[in-house]
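Please read the structure below before turning to the comments.
Bear in mind these aren't lab numbers, they're just calculated from the coordinates by the rules spelled out. Every value quoted in this text rests on a predicted model; they were computed, and no experiment measured them. Cβ sites come from the backbone with ideal geometry, for glycine too, and all protein chains shown count toward neighbours.
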Amino acid sequence: MAMMATNIFQKIIDKQIPAKIAYEDDLCLAFHDINAQAPVHVLIIPKKVIRTHADLTDADEAVMGHIHLIAVKLAKQLGLDAGYRLVINCEEQAGQTVPHLHLHLMGGRAMGWPPG
């Protein structure tokens, strides 16, 4: 299935929609989720359009490693020393609502298990 040329995350990358940016570099952008599910809830997205986790290829190895390292850096900066959760939802049944791969960094409260 082809993804639309732009989506809300692409518009944030392109600065067409404002967001509270937590981090940005050439490979990724991190911003605070406007529908936060925890006291700290940051979305980390690759600037390269990857529709969903299932669409990853060998060519995406570096960017995926990079966004995980950015998650570690942000967790430290945001004071999540007591712990945090990283989530990637893949496809609609798993809760993915935007067709652009994104990593949720959540913390600041105790997390239950199982999620969902």
> What do you reckon, is residue 91 among the acidic types (Asp, Glu) and touching a helix residue (DSSP H, G or I) at 6+ places or on another chain (Cβ under 8 Å)?
Replying inline: yes
> In the stretch 53-68, is there at least one residue being surrounded by fewer than 13 Cβ atoms within 10 Å (Cβ to Cβ) and within 13 Å of residue 9 (Cβ to Cβ)?
Replying inline: no
> Given (1) under 21 Å from residue 111 (Cβ atoms); (2) surrounded by 17 or more Cβ atoms within 10 Å (Cβ to Cβ), where does residue 35 come up short, assuming only one miss?
Replying inline: (2)
>> Can you pull out every residue in the stretch 77-116 that is among the basic types (Lys, Arg) and either under 17 Å from the mean Cα position of the chain (by Cα) or surrounded by 16 or more Cβ atoms within 10 Å (Cβ to Cβ) (or both)?
In response: 85
> Which residues, taken from the stretch 87-116, are in a loop (DSSP other than H, G, I, E, B), without any contact (Cβ under 8 Å) to a residue 60 or more places away in the chain and closer than 22 Å to residue 12 by Cβ?
Replying inline: 88, 89, 90, 91, 95, 96, 97, 101
